[in-house]
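This report concerns only the one structure given below.
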Amino acid sequence: KQEVTQIPAALSVPEGENLVLNCSFTDSAIYNLQWFRQDPGKGLTSLLLIQSSQREQTSGRLNASLDKSSGRSTLYIAASQPGDSATYLCAVRKGGATNKLIFGTGTLLAVQP
Amino acid sequence: GAVVSQHPSWVICKSGTSVKIECRSLDFQATTMFWYRQFPKQSLMLMATSNEGSKATYEQGVEKDKFLINHASLTLSTLTVTSAHPEDSSFYICSAMTVAEAFFGQGTRLTVV
């Protein structure tokens, strides 16, 4: 059974810092991995999608990496801003007959001005 | 990216009544949609997979008679919480997938009083 864990559970940083969020999964047989952002009381916004054959994806100040063999992904946020404060979730998709997403436990990020 | 619209964004109902939540894919067709439940400060828990034109597939522990799912068209899935009780109060989120990527609705905050 796939289990997805995110470390740390919560993180508080001053504005301008670079930071790394970690996601680990137990079953390396994944189709892709997606990083999401969730603001309080809101739905999920897709940030980056990494296919199983890819090593990383970049969008603006965000960079996500994937090491499938070790079951790890990282989300790097450069020059953090108070507007980056949110909960960040990673999710893995198994593919094949099932399209289920298995979500991580989330990291609550607070960027202090 | 693709847009998934969920309605209503919040609802308050009396105990014993039923509530229907709609999930629409606005600019793409989705043969499969997903319904999640999220408790405060926790990650998303998959409740069921909604399949267009056939019965939904429920996750273990989710009562199918309590949470009725209908996926009557390629752009609409509905979740009906029947005979709602205060313990059903939660944040419900739907999702639809394109070929590779998952997109989420804005979520529905259900409060049963």
Exercise. Tell me, what ³J(HN,Hα) does each residue in the range A:4-9 have, in order and in whole Hz, if you take phi through Karplus 6.51 cos²θ - 1.76 cosθ + 1.60 with θ = phi - 60° and put x for Gly and Pro?
Worked result: 10, 10, 10, 10, x, 6
Problem set entry | Size of electric dipole in chain B: Cβ of Lys, Arg +1 and of Asp, Glu -1, about Cα centre, debye, nearest 20 | 240
Problem set entry | Averaged over A:101-110, number of beta-carbon atoms from partner chains that fall within 10 Å | 3
Seminar exercise, completed: Per GNM of chain B with C-alpha springs under 10 angstrom, the most fluctuating residue out of B:GLY61, B:GLY16, B:GLY53 is B:GLY61
Seminar exercise, completed: Least to most buried among B:PHE91, A:PHE103, by other C-beta atoms within 10 Å and fewest first, runs B:PHE91, A:PHE103
Exercise. Lysine pairs in the protein assembly as shown with alpha-carbon atoms under 21 Å apart, 8 or more places apart or on different chains: how many are there?
Worked result: 17
For this session: If a/c stays under 1.5 just call it rounded; otherwise compare a/b with b/c (prolate if a/b is bigger, oblate if not). Do that for the range B:1-83, with a ≥ b ≥ c from the square roots of the Cα gyration tensor eigenvalues.
Result: rounded
Problem set entry | Selection of trypsin sites (Lys or Arg not before Pro), the range A:38-79, meeting DSSP coil and at most 12 other Cβ within 10 Å | A:ARG55
Exercise. Considering every residue in B:90-98, what mean count of other chain Cβ atoms within 10 Å of its Cβ is obtained?
Worked result: 2
Exercise. Label B:GLU59 and A:LYS42 with points 7 Å out from Cα along Cα→Cβ: what is the distance between them in nm?
Worked result: 2.3
Seminar exercise, completed: In chain B the cysteines whose Cβ sits 4.7 Å or more from every other Cys Cβ are B:CYS13
Exercise. Across peptide B:39-46, what mean number of C-beta atoms from other chains lies inside 10 Å of a residue's C-beta?
Worked result: 4
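FYI, it's all coordinate maths here, none of it is from the lab. Only a predicted model underlies this, so the values are computations on that prediction, with no experimental measurement involved. No Cβ is skipped: glycine too gets one built from the backbone with ideal geometry, and neighbour counts run over all protein chains shown.
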